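Peer 1: Handing you this structure, nothing more for now.
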Amino acid sequence: MLGFLSARQAGLDDPLRLRRAESTRRVLGLELNKDRDVERIHGSGVNTLDIDPVEGRYMLSGGSDGVIVLYDLENSSRQPYYTCKAVCSVGRSHPDVHKYSVETVQWYPHDTGMFTSSSFDKTLKVWDTNTLQIADVFNFEETVYSHHMSPVATKHCLVAVGTRGPKVQLCDLKSGSCSHILQGHRQEILAVSWSPRYEYILATASADSRTKLWDVRRASGCLITLDQHNGKKSQAVESANTAHNGKVNGLCFTSDGLHLLTVGTDNRMRLWNSSNGENTLVNYGKVYNDSRKGLKFTVSCGCSSEFVFVPYGSTIAIYTVYSGEQITMLKGHYKSVDCCVFQSNFQELYSGSRDCNILAWIPSLYESVPDDEEALVVSS
Amino acid sequence: MSRKRHRLVPEAFGQKRRREGGDVEADPLRGESGSARAAVAELVRLFPRVLFEDALPPIALRSQVYSLVPDRTVADRQLRKNSPILENKISLHRSVQSTADHLTLTPFFSLSSLWRQKALQEQGEIRIIQLGFDLDAQGIIFTEDYRTRVLKACDGRPYAGAVQKFLASVLPACSDLSFQQDQMTQTFGFRDPEITQLVNAGVLTVRDAGSWWLAVPGAGRFIKYFVKGRQAVLGMVRKAKYRELLLSELLGRRAPAAARLGLAYHVHDLIGSQLVDCVSTTSGTLLRLPET
């Protein structure tokens with residue numbers, strides 16, 4: 001550490017190198033901390049979490065009872081012991097609360113004045129944060145599994161919605177219409193995600209084992225269907241053109257948008273090159289997945305080797321993205337974990353599970369471990 | 001748990017580990033370091049040839065290689081031909097340099113030396129066979145062993161000619177797991193009666209209309225013993241108190257009658273296919289059934 005600091009001071013090293021090394025060290029030391037807590041508001045399982053991309057200060061959570069809660073993550077008290085309090089919530093008594101379980105919530109990518117939530121009651125609702133009123137409602141014919149708004153889009157305000165039907169719908173927030181439909185999948189769409197690199201590229205994952213990459217400006221079908229065997233049918237056990245041998249549950253782009261991670265119910269996670277759709281064949285081993293709806297996992301940002309945090313039963317597994325090595329499993333929840341989000345400013349991980357808890361995983365402080373006998377003798 | 005984390009931490013700063021030896025147990029099974037070829041050679045030695053009267057070539061499983069080579073991606077790459085990661089890594093390198101950040105993808109780049117070692121399948125040294133009982137279960141056989149056993153099995157039979165033609169022309173040319181109809185008729189010049197003879201010989205197994213898996217003649221007995229043995233050894237762990245067993249204790253027990261292929265053979269497979277979790281303890285490796 002001191003070596004890094006002096007190299008940075010002398011100009012031998014890029015300043016970013018120390019930052020990345022320290023971020024990686026902090027991510028490797030993630031654990032539960034007695035000093036940090038998230039207030040327990042939810043009365044049923046937490047399905048989704050989202051941290052606002054502007055400041056990284058506010059977190060939204062959506063529960064299985066339709067309740068949406070907004071937490072303030074910043075520690076403004078001078079004490080080390082801090083509970084993340086709920087600032088406000090859309091409870092069961094709110095006139096516009098969702099009737100059934102909230103599946104996805106997302107902050108508006110450019111400021112915290114607005115957020116969107118989609119639910120099993122076949123609606124996507126757009127909320128004004130300050131007044132907690134609904135600004136707009138989009139109704140669909142089928143239950144909504146997932147929605148996503150592009151974090152880098154400046155030329156469009158499209159929200160991609162994945163429902164139980166095979167068509168991906170794009171809703172325009174500016175005009176209030178959802179007339180753009182992407183056809184190509186054959187079963188329900190379990191996850192959608194915009195690329196963080198190109199504002200028109202969308203990835204969708206479906207229960208028919210296929211993952212498709214779309215350019216929404218293009219009228220004729222998808223760009224690429226991801227094939228786990230890279231076109232070599234001879235290596236394939238089952239039919240080609242499938243991303244997994246089961247339903248594809250979750251999608252996550254890496255923070256630079258160059259790679260895409262998918263998880264499926266065949267207990268596998270795959271890393272794809274997002275520009276040509278090639279399976280990089282990195283082997284993560286068995287990534288246990290029995291979720292019947294989408295699995296929300298996340299990738300770290302700002303470390304020297306990126307990490308992916310995947311809910312694995314009632315624990316969270318951490319893998320290195322590009323080499324497939326399992327770093328550790330974070331144990332703490334009592335029931336299955338549904339979602340996790342990474343706060344990249346402080347390298348903290350928040351996870352929500354079916355046991356109604358949101359746990360905060362904080363980097364542990366580097367305390368020297370006295371394991372030499374001389375130290376013990378000196379202290380006694 | 002906190003001790004293990006602090007061991008990971010100094011690596012982030014690029015320093016060497018100061019403590020050695022405390023975490024490497026003298027493990028009867030984990031002696032291997034790195035190479036998939038050495039792993040396959042050692043596993044092939046575990047195979048009980050006597051049981052099959054030397055009619056079957058020694059088969060190792062892919063999951064067993066994973067238990068000996070801890071990094072799965074590296075093991076896959078060494079076993080497979082023409083890994084697409086090589087081209088992918090080059091394109092990643094270029095796009096990384098074009099971004100403003102100076103990414104230090106240290107674990108990724110350090111694998112470049114292993115890529116220079118040519119993949120075994122590409123060299124034609126091993127064949128990978130799809131064993132039908134599980135999607136993931138693939139057997140690995142040395143090509144020489146396979147060739148000698150197949151020739152011995154079809155000696156004097158009416159299909160010997162077709163089998164010899166197959167071994168001479170198709171095996172060296174095409175290192176895939178399965179073959180298509182047009183590939184067999186046009187590229188290699190096999191007629192339909194010859195293909196039927198190959199299926200009768202047991203060298204090909206029908207997959208669906210117009211495609212065949214490569215197969216080992218007489219492998220049915222092996223698969224039967226393997227599936228029963230796997231369930232038997234897994235049952236031994238399941239019946240233990242708290243559903244966990246020390247590896248040394250498991251290997252020291254008497255093999256159940258169903259595990260004809262040997263305890264060590266099955267334990268390698270269970271560890272590699274993650275049917276049991278390996279927990280390193282102070283008394284050695286502990287095998288525990290996963291809770292999920």
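The values are calculated or read from the model by the stated rules, or taken from the named source; none is laboratory data. The shown structure was predicted, so the numbers you read here are calculated from the model rather than taken from an experiment. Using ideal geometry, Cβ is built from the backbone for each residue, glycine included, and neighbour counts are taken over all protein chains shown.
Peer 1: Just give me the residues in region A:326-348 being surrounded by 21 or more Cβ atoms within 10 Å (Cβ to Cβ) and within 14 Å of chain B (Cβ to nearest Cβ), in sequence order.
Peer 2: Once the filter is applied, which keeps residues that are surrounded by 21 or more Cβ atoms within 10 Å (Cβ to Cβ) and within 14 Å of chain B (Cβ to nearest Cβ), region A:326-348 yields A:Leu330, A:His333, A:Val337, A:Gln347.
Peer 1: Going through region A:223-244 one residue at a time, which ones are more than 14 Å from every other protein chain (Cβ to nearest Cβ) and either modelled with pLDDT of 90 or more or under 24 Å from B:Ala215 (Cβ atoms) (or both)? Working first, answer last.
Peer 2: Taking region A:223-244 and keeping what is more than 14 Å from every other protein chain (Cβ to nearest Cβ), we get A:223-225, A:241, A:243.
Of everything in region A:223-244, those that are more than 14 Å from every other protein chain (Cβ to nearest Cβ) and either modelled with pLDDT of 90 or more or under 24 Å from B:Ala215 (Cβ atoms) (or both) turn out to be A:Leu223, A:Ile224, A:Thr225, A:Ala243.
Peer 1: Quick test for you: out of A:Ser209, A:Ser177, A:Ser220, pick the one residue that is within 14 Å of chain B (Cβ to nearest Cβ) and small (Gly, Ala, Ser).
Peer 2: On the way: A:Ser177 fails: within 14 Å of chain B (Cβ to nearest Cβ); A:Ser220 fails: within 14 Å of chain B (Cβ to nearest Cβ).
Criteria check complete, one pass: A:Ser209.
Peer 1: Continuing with the same structure: How many residues does region A:282-297 hold that are in contact (Cβ under 8 Å) with a residue 40 or more places away in the chain and of a type in the set (A, V, I, L, M)?
Peer 2: 2
Peer 1: Inspect all residues belonging to region B:156-170 and state whether any of them is crowded, with 20+ Cβ neighbours inside 10 Å, charged (D, E, K, R) and within 24 Å of B:Arg49 (Cβ to Cβ).
Peer 2: Checked against the condition, which is being crowded, with 20+ Cβ neighbours inside 10 Å, charged (D, E, K, R) and within 24 Å of B:Arg49 (Cβ to Cβ), region B:156-170 yields no hits at all.
Peer 1: Let me ask something else about it. Which count do you get for residues in region A:258-276 that are within 10 Å of chain B (Cβ to nearest Cβ) and in contact with a Lys or Arg (Cβ under 8 Å, 6 or more places away or on another chain)? It would help to see each step written out before you state the result.
Peer 2: Filtering region A:258-276 down to residues within 10 Å of chain B (Cβ to nearest Cβ) leaves A:258-259, A:266-268, A:271-273, A:275-276.
If we keep only those that are in contact with a Lys or Arg (Cβ under 8 Å, 6 or more places away or on another chain) too, we end up with A:258, A:267-268.
The qualifying residues number 3.
Peer 1: Here's something else I'd like to know. Could you check region A:13-46 and list, in sequence order, the residues that are away from chain B (no Cβ under 13 Å) and not basic (Lys, Arg)?
Peer 2: Residues satisfying the conditions are A:Asp35, A:Asp37, A:Val38, A:Glu39, A:Ile41, A:His42, A:Gly43, A:Ser44, A:Gly45, A:Val46.
Peer 1: Let me ask another. Could you please find all residues in region A:257-272 being among the polar types (S, T, N, Q) and within 15 Å of the chain's Cα centre (by Cα)? Steps first, please.
Peer 2: At the first step, the residues of region A:257-272 found to be among the polar types (S, T, N, Q) are A:262, A:265, A:267.
A:Thr262, the sole residue that qualifies.
Per-residue answers, yes or no, for (1) in contact with a strand residue (DSSP E or B) (Cβ under 7 Å, 6 or more places away or on another chain); (2) of a type outside the set (D, E, K, R); (3) away from chain A (no Cβ under 14 Å):
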| site | (1), (2), (3) |
| --- | --- |
| B:Arg230 | no, no, yes |
| B:Val237 | yes, yes, yes |
| B:Ala240 | no, yes, yes |
| B:Leu247 | yes, yes, yes |
| B:Arg253 | no, no, yes |
| B:Arg260 | no, no, yes |
| B:Ile271 | yes, yes, no |
| B:Cys278 | yes, yes, no |
| B:Gly284 | yes, yes, yes |
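Peer 1: A follow-up question, please. Show the residue pairs that are 6+ apart or on different chains and have beta-carbon atoms under 8 Å apart, the first residue being within region A:298-311 and under 19 Å from A:Asp14 (Cα atoms), the second being in a loop (DSSP other than H, G, I, E, B) and of a type in the set (A, V, I, L, M).
Peer 2: Listed by first residue and then by second, the contacts come to A:Ser304/B:Leu103; A:Ser304/B:Leu105; A:Ser305/A:Val321; A:Ser305/B:Leu105; A:Glu306/A:Val321.
Peer 1: Hey, can you tell me all the residues within region A:9-39 that are more than 29 Å from A:Glu74 (Cα to Cα) and crowded, with 16+ Cβ neighbours inside 10 Å? Steps first, please.
Peer 2: Taking region A:9-39 as the starting set, the residues that turn out to be more than 29 Å from A:Glu74 (Cα to Cα) are A:9-14.
The one that is more than 29 Å from A:Glu74 (Cα to Cα) and crowded, with 16+ Cβ neighbours inside 10 Å: A:Asp13.
Peer 1: Of A:Ser177, A:Ser220, A:Ser193, A:Ser209, which residue is within 23 Å of the chain's Cα centre (by Cα) and outside any strand (DSSP E or B)? Steps first, answer last, please.
Peer 2: Numbers: A:Ser177 fails: within 23 Å of the chain's Cα centre (by Cα); A:Ser220 fails: within 23 Å of the chain's Cα centre (by Cα); A:Ser193 fails: outside any strand (DSSP E or B).
Going through A:Ser177, A:Ser220, A:Ser193, A:Ser209 in turn, the sole match is A:Ser209.
Peer 1: Is it the case that A:Val308 is in a strand (DSSP E or B) and not charged (D, E, K, R)?
Peer 2: Working: in a strand (DSSP E or B): yes; not charged (D, E, K, R): yes.
For A:Val308, the condition - in a strand (DSSP E or B) and not charged (D, E, K, R) - is met.
Peer 1: Can you go through B:Gly220, B:Gly202 and tell me which one is exposed (fewer than 15 other Cβ atoms within 10 Å of the Cβ) and under 27 Å from B:Lys152 (Cβ atoms)? It would help to see each step written out before you state the result.
Peer 2: Details: B:Gly202 fails: exposed (fewer than 15 other Cβ atoms within 10 Å of the Cβ).
Going through B:Gly220, B:Gly202 in turn, just one is exposed (fewer than 15 other Cβ atoms within 10 Å of the Cβ) and under 27 Å from B:Lys152 (Cβ atoms): B:Gly220.
Peer 1: While we're on this one: I need the full set of residues from region A:98-123 which are of a type outside the set (Ser, Thr, Tyr), under 18 Å from A:Val168 (Cβ atoms) and surrounded by fewer than 23 Cβ atoms within 10 Å (Cβ to Cβ), in order please. Please lay out each step first, then the result.
Peer 2: Here is the first cut: in region A:98-123, the ones of a type outside the set (Ser, Thr, Tyr) are A:98-99, A:102-103, A:105-107, A:109-111, A:113-115, A:120-122.
Now restrict to residues that are under 18 Å from A:Val168 (Cβ atoms): A:103, A:106, A:120, A:122.
Selection gives A:Gln106, A:Phe120, A:Lys122.
Peer 1: Can you go through A:Ser274, A:Ser209, A:Ser179 and tell me which one is surrounded by fewer than 18 Cβ atoms within 10 Å (Cβ to Cβ) and either at pLDDT below 95 or more than 30 Å from A:Ala135 (Cα to Cα) (or both)? Outline the logic, then answer.
Peer 2: Working: A:Ser274 fails: surrounded by fewer than 18 Cβ atoms within 10 Å (Cβ to Cβ); A:Ser209 fails: surrounded by fewer than 18 Cβ atoms within 10 Å (Cβ to Cβ).
Sole residue among the options that is surrounded by fewer than 18 Cβ atoms within 10 Å (Cβ to Cβ) and either at pLDDT below 95 or more than 30 Å from A:Ala135 (Cα to Cα) (or both): A:Ser179.
Peer 1: Which of the residues belonging to region A:277-305 are over 12 Å from A:Val27 (Cβ atoms), within 9 Å of chain B (Cβ to nearest Cβ) and outside any strand (DSSP E or B)?
Peer 2: A:Thr280, A:Leu281, A:Val282, A:Asn283, A:Tyr284, A:Gly285, A:Lys286, A:Tyr288, A:Asp290 - these are the residues of region A:277-305 that are over 12 Å from A:Val27 (Cβ atoms), within 9 Å of chain B (Cβ to nearest Cβ) and outside any strand (DSSP E or B).
Peer 1: Still on this structure: Suppose we keep only residues that are closer than 20 Å to B:Asp71 by Cβ and buried (at least 24 other Cβ atoms within 10 Å of the Cβ) within region A:310-320. Which one would you say is farthest from the other protein chains (Cβ to nearest Cβ)? Even if it seems obvious, please write down each step before you answer.
Peer 2: In the first step, residues of region A:310-320 are kept if they are closer than 20 Å to B:Asp71 by Cβ; the result is A:310, A:312, A:317-320.
Narrowing the set further to residues that are buried (at least 24 other Cβ atoms within 10 Å of the Cβ) leaves A:310, A:312, A:319.
On the way: A:Val310: 13, A:Tyr312: 8, A:Tyr319: 11 Å.
Filtering first and then ranking leaves A:Val310.
Let's see how each residue does on (1) touching a Phe, Trp or Tyr at 6+ places or on another chain (Cβ under 6 Å); (2) modelled with pLDDT of 95 or more; (3) farther than 27 Å from A:Asn33 by Cβ:
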site	(1), (2), (3)
A:Val67	no, yes, no
A:Asp96	no, no, yes
A:Trp107	yes, yes, no
A:Val126	no, yes, yes
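Peer 1: While we're on this one: Filtering region A:351-380 down to residues that are of a type in the set (Gly, Ala, Ser) and surrounded by 10 or more Cβ atoms within 10 Å (Cβ to Cβ), which residue is modelled with the lowest pLDDT? Quick ask: steps written out before the conclusion?
Peer 2: Initial filter on region A:351-380 (of a type in the set (Gly, Ala, Ser)): A:351-353, A:360, A:364, A:368, A:375, A:379-380.
Right, trim to surrounded by 10 or more Cβ atoms within 10 Å (Cβ to Cβ) and you get A:351-353, A:360, A:364, A:375.
Working: A:Ser351: 96, A:Gly352: 96, A:Ser353: 95, A:Ala360: 95, A:Ser364: 87, A:Ala375: 43.
This residue is A:Ala375.
Peer 1: Could you list all residues from region A:147-174 that are of a type outside the set (D, E, K, R) and part of a loop (DSSP other than H, G, I, E, B)?
Peer 2: Of the residues in region A:147-174, the ones of a type outside the set (D, E, K, R) are A:147-154, A:156-163, A:165-166, A:168-171, A:173.
Within region A:147-174, A:Ser150, A:Pro151, A:Val152, A:Ala153, A:Thr154, A:His156, A:Cys157, A:Gly165, A:Pro166, A:Leu173 qualify.
Peer 1: Give the residues of region B:141-183 that are part of a helix (DSSP H, G or I), over 30 Å from B:Ala41 (Cβ atoms) and touching a helix residue (DSSP H, G or I) at 6+ places or on another chain (Cβ under 6 Å), sorted by residue number.
Peer 2: Scanning region B:141-183 gives a single hit, B:Ala162.
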